[in-house]
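**Student:** One structure follows; several queries about it will come next.
The values are calculated or read from the model by the stated rules, or taken from the named source; none is laboratory data. Bear in mind the structure is a predicted one, so any value in this text is a computation, not a measurement. All Cβ positions, glycine included, derive from the backbone under ideal geometry; neighbour counts span all protein chains shown. When the accessible area is computed, the model is the full protein with side chains, heavy atoms only, and any ligands, DNA or RNA have been set aside. Shrake-Rupley method; radii C 1.70, N 1.55, O 1.52, S 1.80 Å.
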Amino acid sequence: MPIVHYNTKSNVDKLADKLTLSDEQFETIAKETETKAANDYAGYKRRLIAFASLGYLYIGFIVVILLGLVLITCWLSFAGHRIYAGAIKIVIVLLILVFLVLKSLWIKYDPPQGIPLGRQDYPELFKLLDEICVKLNTRADKVVLDETFNAAVTEHPKLGLLGFNTNYLILGLPFLQSVRKEELKAVLAHEFGHLSGKHSQTSRWIYSLRIQWANILEKLGDKSFLFYPFFMWYMPRYVAYSMILIRDHEKAADADSVKITGADAVGNMLMLVALKGKHLGEEIWQEIYKKAMTQEEAPEGIYNEIGERINHLPVRKLRQWLDEELKAEGSKIETHPPTKERLALCGQLSKFENISDEDLEKLVAPIPPGESAAEALLGDKLPQLSAQISANWHNQVRELWQQRHQYYLQVKEEINKLEVKQEQEPLTINDLKQKAYLLEELDENKEAVPIYYQILEQNPSDAIADFNLGAYISRKYKQENLNGDEALNLLEQSFKTDIRLADAAKYLACNYLREQKRHHESERFEKYEGEIKEAMDERASLKDTDEFLQEDLDKETMQLVVEMCQAIPQITEMCVVKKNVKKYPASRHFVIGAKVYAKGVDGEEFRLSMANIIMQYFNQFPGTKSVVVFDMWTKKLEQKMKDVPGSVVFKR
């Protein structure tokens, strides 16, 4: 759901927003470029080189202009045979500006963090790296081990924009634990393929420049008005225009991997990495963090546990995850082609489209002891490395873990209070919602089901109850012998009442239909995609010409809003209205307008922080929202909102 902060951005940010590209504009440029490149690839590459050079030219242009102003000022002073104090000040200011410009561009890039792995200590690892690097005419300067599920090669520039790169190989311990040596070899061949001397220097330069400009934009932020707007305009267009070459680079890296390890190994690697990545993110880490419900301290040696579990994938999820990966279309924004396209390029797509359950289970069969890449390449130092990375993780999450544990204790206490209240009097609908939410937080979803039915008896259009009930049934219909088709109706109704739920509802419904082998019925939900986008776009726009209606929040909710305003002294006035929307009018869109004041504090940054605070509070309420902090630029909008009867809900 987009969060709209109306008129709370800096002027530089507003200009940058106008210059950058939306996702649709990005895809349009990428598609047009793809068509042109298909007809004249050499011409496309020449134009891309010219556009790639524009970033350097702009930087040089700004510096030359500033130095030119210095020289002109000096010349005018000397030509008049008299040096004025004003001219000296102008020269000093311009020189300071030149210095600041050059200083802002002298960006320090932090090298990748991790445990360094040296050649003498890990001979088997470096033997494998040498084999790959010799074949691809490249090198690995430094190798580090970290906690990620990844293996990547990155160039670290020693002299900022001037380059002189050090090639870093970053290996994630969970990744090494999840693959065999041959599978890792396929991954590394792909990664080093990006730096291969067999690829043209121009292609490598254009590929790496994309990352370089992104780093500049991230480092500069909105602090440099001379560069930030330009790079906000330039960077997305450069990436869109270079996407053909970038994807060709990815395909060439895959081709290098196929030459070194074989098509079968590359295909297996692509699918195994996808499946085990889902297993780690959706199952293992979720279960680890649930331990905070009962454990005050984060567990020790966590990466030993991950190493033991990551190669034991749940059979019940395999087909679902495989189908998701093969159906993923990707987008023109992503640098990597979708998995199915990469599989097709190495001749492996049909193998996985037609794979039997038996062969799929063989593919993901647990790696025998001693045969994982971590054991084979890190040797007897693996336990020590695992302990060190586990200790680092433990230290990083300790405070957050303890906070989470305290939160769960508070949740249990709140549930007890509601149960005591229920013994004395019937719970209100908001009490029921709160109890169901708290039970979900403790992962006691089954206990929440009858409460959602109670809520729907009192309010049949409650979107959250529809969604959570539909989600539960879609996941548990087999184990508990439930009517799975009831989930489809509940999920469909949920996002018609609150479009924020559309993506999640569509995912659950289509997954249920996939399990039922009723793929053709997925169109029932996929047809809504365009309508939902139009509805979100309509809500993202906020103008003083919009039509506003009286809000229809219940008295209990409005009382909470008033209490929030009273608790935040900077809020002096607040009004709440409902925007009259044409798309999915049952899904309400609220506009919250506030006047804010703090003695000695003003400006856009203050208004933006207040808008964020208000939005965070209102996010717990139904529907989509926009927040506007009133100022001199929003007088018409403010008056339009206040003309709605009952819109002013608080005034200090």
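**Student:** Quick test of your reading of the structure: Leu553 fulfils all but one of (1) open to solvent by less than 40 Å² (accessible area, probe 1.4 Å); (2) part of a helix (DSSP H, G or I). Name the failing condition by number.
**Tutor:** Here Leu553 meets the rest and fails (2).
Rundown of residues vs (1) open to solvent by 20 Å² or more (accessible area, probe 1.4 Å); (2) touching a Leu at 6+ places or on another chain (Cβ under 6 Å), yes/no style:
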residue	(1), (2)
Val420	yes, no
Leu439	no, no
Asn445	yes, no
Gln454	yes, yes
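**Student:** List the pairs whose first member sits in region 627-652 and is in a helix (DSSP H, G or I), whose second member is small (Gly, Ala, Ser) and surrounded by 11 or more Cβ atoms within 10 Å (Cβ to Cβ), and whose Cβ atoms are under 7 Å apart, counting only residues at least 6 apart or on separate chains?
**Tutor:** Every condition considered, the pairs that remain are Glu638/Gly593; Met641/Gly593; Met641/Ser647.
**Student:** Name the residue, out of Tyr41, Tyr56, that is of a type in the set (Phe, Trp, Tyr), open to solvent by 50 Å² or more (accessible area, probe 1.4 Å) and modelled with pLDDT of 80 or more. If you could, list the steps in order and put the result at the bottom.
**Tutor:** Numbers: Tyr56 fails: modelled with pLDDT of 80 or more.
Residue meeting the stated conditions: Tyr41.
The rows are residues; the columns are (1) in contact (Cβ under 8 Å) with a residue 40 or more places away in the chain; (2) over 26 Å from the mean Cα position of the chain (by Cα); (3) open to solvent by less than 30 Å² (accessible area, probe 1.4 Å); (4) more than 28 Å from Leu553 (Cβ to Cβ).
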| position | (1), (2), (3), (4) |
| --- | --- |
| Pro460 | no, yes, no, no |
| Asp466 | no, yes, yes, no |
| Leu501 | no, no, yes, no |
| Tyr512 | no, no, yes, yes |
| Phe525 | no, no, yes, yes |
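**Student:** Just one of the numbered conditions (1) modelled with pLDDT of 90 or more; (2) open to solvent by less than 40 Å² (accessible area, probe 1.4 Å) is not true of Thr148; which one?
**Tutor:** (2)
**Student:** Kindly indicate whether any position in region 307-319 is in contact with a Pro (Cβ under 7 Å, 6 or more places away or on another chain) and open to solvent by 30 Å² or more (accessible area, probe 1.4 Å). It would help to see each step written out before you state the result.
**Tutor:** Initial filter on region 307-319 (in contact with a Pro (Cβ under 7 Å, 6 or more places away or on another chain)): 310-312.
Checking which are open to solvent by 30 Å² or more (accessible area, probe 1.4 Å) leaves us with 312.
Checking region 307-319: at least one residue is in contact with a Pro (Cβ under 7 Å, 6 or more places away or on another chain) and open to solvent by 30 Å² or more (accessible area, probe 1.4 Å).
**Student:** Something else now. Which pairs do you get when a residue that is under 19 Å from Asp121 (Cβ atoms), found in region 358-382, comes within reach of a residue that is hydroxyl-bearing (Ser, Thr, Tyr) and not in a helix (DSSP H, G or I), reach meaning Cβ atoms under 7 angstrom, with the pair 6+ apart or on two chains?
**Tutor:** From region 358-382, the pairs are Leu377/Tyr122; Leu378/Tyr122.
**Student:** Further, regarding this structure: Can you list the helices (runs of 4 or more DSSP H) found entirely within region 278-351 that contain at least 3 residues being under 22 Å from the mean Cα position of the chain (by Cα)?
**Tutor:** Answer list for region 278-351: 285-290, 315-327.
**Student:** Just to be sure, is Ile473 of a type in the set (Val, Ile, Thr), in a helix (DSSP H, G or I), at negative phi and open to solvent by 40 Å² or more (accessible area, probe 1.4 Å)? Even if it seems obvious, please write down each step before you answer.
**Tutor:** Details: of a type in the set (Val, Ile, Thr): yes; in a helix (DSSP H, G or I): yes; at negative phi: yes; open to solvent by 40 Å² or more (accessible area, probe 1.4 Å): no.
Considered against the rule, which asks whether it is of a type in the set (Val, Ile, Thr), in a helix (DSSP H, G or I), at negative phi and open to solvent by 40 Å² or more (accessible area, probe 1.4 Å), Ile473 comes out as no.
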